[in-house]
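FYI, it's all coordinate maths here, none of it is from the lab. These numbers come from a predicted model, not from an experiment. Quick reminder, even Gly has a Cβ in these numbers, built from the backbone with ideal geometry, and neighbours come from all protein chains shown.
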């Protein structure tokens, strides 16, 4: 039997029988670059609003509503986060069942990016709280459809020993998307122009992938018969039946929760504990330091993991490194200590981002459910953003302040790193 033909960029002509096979042929640089661009474009659509535009609208809309701008922003982003928790696994599951000639994932990337762009334009014209809330919920709904499909394309088409490198490039694109979205929203020249700029980039950024690279097609005979009961039941992944997936989900949740606790009150930590002369500028400096060291390690860590053929040691030691840095915030409460901690956290989180993604794809139970299962796993990224405020507020207020907060965060992160050892099916 001859191998599927391959063009010079590493793409393959797909047939319906390939969707459920384990990929063995390496993807090319053009495929990785275009998928990474699509991923970065989605993050532009999320973080231009989150960093700048929604806060500016809340400031304009809050007077006369009986809410402060902070409360309004919290409600809008909180409702949007709830939509995100549902949308990612839902659209991942729907893409798993898609039998389009364009493939399982491409239709959802196109529809999600187009819907996201239109939703951002709706936000550009929002005239008050309700249209702002509706627009942001639609952005979360549609862009999560595209994001679920983008991440599922990796286990569909990338062999196991290349997923660390691909995961690293996707992680780098995510970071650049956050920076790029913030930059577009800042320099565009107003709230409406900022939304338009983010919308155009989000839609344009997915085009090189969807137009230039074939997707894996699912044959109609391979799609299971429809049943509401089985469809909904599929979102429960029993830790008893799939212990590796259960431990992998828990470790990702704990390490992300630790990181969320570090970031949540960083501004207040600089102002109230370190008495920094300009805490807003301090947050910007720490974010830049963290981003630079993260970018320096996110691809390198993934490539190194691929070359040695192991995942767990990288995830364990990156988690330990992050726990040490978080502990430094508790024990070394000075501005130089905060800068060092930010740098070390970036090193650890960069390696964790790429290698943990590869590890997650390695423990997926079934090829038929890759999109849905990755969507369930992605909940471990979003849920800490909801849990962190509920945990942090009483610790800071009643249980010891920032020293206790960062001590608890370090213990949580260390627990996540240690529990990686319970995963048996991945080295």
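Cα extents for the stretch 128-287 along the principal axes, largest to smallest and rounded to whole angstrom: 64, 40, 39.
Each of [x] 51; [y] 46; [z] 42 is a candidate for percent of Cα pairs over 29 Å apart; the one calculated from this structure is [y]. With respect to the chain, whose longest principal axis is taken over its alpha-carbon atoms, helix 312-331 is tilted by about 10°. Normalised by the number of residues in the chain, the average gap of Cα pairs under 8 Å and 6 or more apart makes the relative contact order 25 percent.
Peptides 396-402, 169-175, 150-156 ranked from most to least packed by the mean count of surrounding Cβ atoms within 10 Å: 150-156, 169-175, 396-402. Each Cα pair under 8 Å and six or more residues apart adds its separation to the average, and for the stretch 243-422 the resulting relative contact order is 42 percent. Fewest neighbouring Cβ atoms within 10 Å first, the residues 56, 36, 227, 95 line up as 227, 56, 36, 95.
For the chain, the longest principal axis of the C-alpha atoms and the axis of helix 370-398 are separated by about 10°. Residues 217, 240, 223, arranged from fewest to most other Cβ atoms within 10 angstrom of their Cβ, appear as 240, 223, 217. The spacing between the stretch 26-62 and the stretch 122-149, judged by their C-alpha centroids, is 13 Å. Angle of helix 163-187 to the longest C-alpha principal axis of the chain, folded into 0 to 90 degrees and rounded to 10: 50°. Cβ crowding within 10 Å, taken as a proxy for footprinting-reagent exposure, orders 287, 71 from fewest neighbours to most as 71, 287. When each of the peptides 350-361, 180-191, 130-141 is scored by the mean number of other C-beta atoms lying within 10 Å of its residues, the order from highest to lowest reads 350-361, 130-141, 180-191. For the pair the stretch 359-427 and the stretch 300-345, the centres of their Cα atoms are 15 angstrom apart.
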